[in-house]
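J.: Let me give you the structure first, and then I'll get to my questions.
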Amino acid sequence: MGHLFPTSVLLTELRSRGHDIALRTLAAGVDTGRDLGFATAAVDPRIEAMPLDDWKETNPEDALRRAQGTFARRAKHEVDDLRKAIDEVSPDVLIIDANCWGAAAAAEASGLPWLSFWAFLPYLSSEAAPPYGPGLPPLSGEAGRIRDAQLRPMLKAVFHEAMVGPLNRIRAQVDVPTVDSADDYVLRPPLMLVATAEPFEYAHPDWPDKIQLIGACSFDPAPEKVPDWRGCRRPFPAGPSAGRRSRGCSPTLRRPRRGCPVPRTLEGSVDAGNPTRPCRNPNESPPEIIAGPDRSN
């Protein structure tokens with residue numbers, strides 16, 4: 001249902017390989033899905049009537065509880081909604097947004113092959129990385145091990161409190177195994193596709209192979225009409241940084257011809273093969289968005 005734009009990148013790649021795509025999403029995304037060639041319909045309006053409002057909270061723990069409460073309330077409607085879609089489409093495979101708890105339970109109960117799509121990093125424990133949540137940098141040595149060992153149980157408890165009870169109530173209704181923890185829920189799908197890659201994230205050598213990092217799914221369709229200023233460009237060095245380079249990066253500003261609007265843009269992109277080189281020649285071809293089964297991408 002959610003994360004339409006990054007999911008659409010994955011679905012577009014699958015469609016280009018010959019698969020027929022049926023999509024269920026928010027009403028506002030139906031036209032977008034159809035424009036991309038997917039058989040798209042809106043989810044049950046009762047699901048859409050429960051928007052995320054975690055921004056109303058003043059601290060991260062309460063915000064997490066509020067968000068998870070929204071997912072729990074949506075879940076009971078997602079079960080019937082997915083069952084209806086299965087009856088209508090007779091799919092070969094189900095791709096479920098990671099935040100759709102009810103749809104995930106219904107997918108597991110359906111007996112069909114299914115996987116979860118994560119537009120964000122999974123909140124799955126790893127001894128090789130800091131605990132999920134506070135945004136801590138890695139800390140090596142004994143100090144890092146002590147810090148992480150103290151924080152990890154506390155942060156796990158927050159997820160456990162917010163998730164496990166509501167998850168198990170909906171899972172019991174569709175007769176699938178209950179979960180013992182947030183980690184247990186994350187690992188239920190036979191396959192997980194995560195929209196990031198190790199150059200952008202810490203390595204997790206203790207994660208199972210069924211977690212596949214497929215790279216950033218950046219939804220950036222071409223505009224219907226090319227802006228006039230796109231044809232009015234002439235490169236020149238970027239202001240005070242003219243004549244200087246940093247780690248192989250040479251960004252340029254584009255100066256429009258007289259009479260053209262002045263877009264203030266830098267050209268360049270992250271070098272996915274070498275994160276120490278933040279920019280690349282803008283004339284180079286970008287890397288493929290969807291990677292194969294090798295996690296090293």
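J.: Which percent, to the nearest 5, of DSSP beta bridges fully inside segment 1-126 are antiparallel?
T.: Taking every DSSP beta bridge with both residues in segment 1-126, the antiparallel ones total about 0 percent.
J.: Rounded to the nearest Å, what's the spacing between the alpha carbon centres of segment 146-221 and segment 107-125? Just the number, please.
T.: Centre-to-centre distance over Cα atoms comes out at 9 Å.
J.: Quote the convex hull volume per residue of segment 157-197, based on C-alpha atoms, as a whole number of Å³.
T.: Residue-normalised Cα hull volume stands at 91 Å³.
J.: Using a Debye calculation, one point per C-alpha and no hydration shell, please list log10 I(q)/I(0) for segment 125-235 at q = 0.14, 0.15 Å⁻¹ in order.
T.: With one equal scatterer per Cα and no solvent, log10 I(q)/I(0) is -0.77, -0.83.
J.: Apply the Kirkwood formula to segment 1-105: the hydrodynamic radius equals the inverse of the mean of 1/r over all pairs of different alpha-carbon atoms; give it in Å with one decimal.
T.: 14.6 Å
J.: Return the tail of the calculated pair distribution for segment 102-162, meaning the percent of Cα-Cα pairs more than 18 Å apart.
T.: Every Cα pair in segment 102-162 considered, those over 18 Å come to 50 percent.
J.: Run through every distinct alpha carbon pair of segment 177-224 and return the Kirkwood hydrodynamic radius in angstroms, one decimal place.
T.: After inverting the mean inverse Cα-Cα distance, the result is 13.0 Å.
J.: Still on this structure: Translational D (Stokes-Einstein, µm²/s) of segment 36-190 at 10 °C and 1.306 mPa s when Rh comes from the Kirkwood sum over C-alpha pairs? Intermediate values should be presented prior to the final figure.
T.: Working: Rh = 17.0 Å.
Estimated via Stokes-Einstein, D reaches 93 µm²/s.
J.: Sticking with this structure for a sec: Under a straight-distance cross-link criterion of Cα-Cα below 20 Å, which lysines are reachable from residue 76, leaving out those fewer than 8 residues away in the same chain?
T.: 84
Readers should treat all values here as calculations from the given coordinates under stated rules, not as data from a laboratory. Please read these numbers as outputs of a predicted model, since none were measured by experiment.
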